[in-house]
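Since every read-out is calculated from the coordinates, none of them should be taken as a lab result. What you see is a predicted model, and the numbers here were worked out from it, not measured in a lab. Please note: Cβ atoms are built from the backbone with ideal geometry, for glycine as well, and neighbour counts cover all protein chains shown.
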Amino acid sequence: MADEFLGGLLGNPLRAKVLRVFVFGQNQAFTLKQAAKRTGSSSRYLEKEIRALEDMRVLKRAKLTITLANGSTRTLSGRQKEKAWTLNVDFKYSLALSKFVHEISPVHHSTVVSGLRKSGKLATVILSGAFVGDATRPADLIVAGESLNERRLEVAVRALEREFGREIRYAMFSTPEFRYRMTIQDRLIRDTLDYPHLVLLDKTRLL
């Protein structure tokens, strides 16, 4: 697995996980709590690795902002202010490092499908969005099937987030609903299938 190789190369599996989180989310700012959630690690140990990468200039401090109802953004300050970091794109090896991490961290298709199987009887699994390098797509993962359990699916997706070091936006449908949405050319489905995507499973034979 990518984490095992990168961890072995760095001599530090936790630092490898932290690096992947910030590389895959290079346009985002992460608090210690958010990074801990993405890596599935303790904040206590994670802070040490984040500070080490900051000392090497791989990461840098960032300001947290929130989006208001009118669409504008506001920077958090005062008591609301919390330490956050982001990938330092000005670091001279940032591009090379990013390319390397992406190169050794391909999407393991079997990992995605096997990770979702406990959610129910899968019929369709489609990867889009961040999985194909296009964050403008409406979803990263579309799942359709029979007797899908929403809670189990959410647990499975959160586990995959820790595996791939990124947030996964997903949509879930029953097989009949998915067939119907295909028939009426539903916007979410169209905005996924009309652009680069990966079909990992298609028992419906509609794709």
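Normalised by 2.2 N^0.38 Å, where N is the number of residues, the alpha-carbon radius of gyration of the stretch 130-207 equals 1.10. Residue pairs exceeding 18 angstrom between C-alpha atoms, taken from K17/K99; K33/K63; K33/K60; K37/K121: K37/K121. Cross-link reach is defined here as a Cα-Cα straight distance under 19 Å, omitting same-chain residues fewer than 8 places apart; for K83 the aspartates and glutamates meeting it are E47, E49, E54, D55. Label-to-label distance for I104 and M56 is 1.1 nm, based on points extended 7 Å past Cα in the beta-carbon direction. The order of the peptides 18-30, 82-94 by mean Cβ neighbours within 10 Å, most packed first, is 18-30, 82-94. Considering only beta bridges that DSSP places wholly inside the chain, some 80 percent are antiparallel. Mean silhouette area of the chain, derived from the convex hull of its C-alpha atoms and averaged over all directions, reads 13.3 nm².
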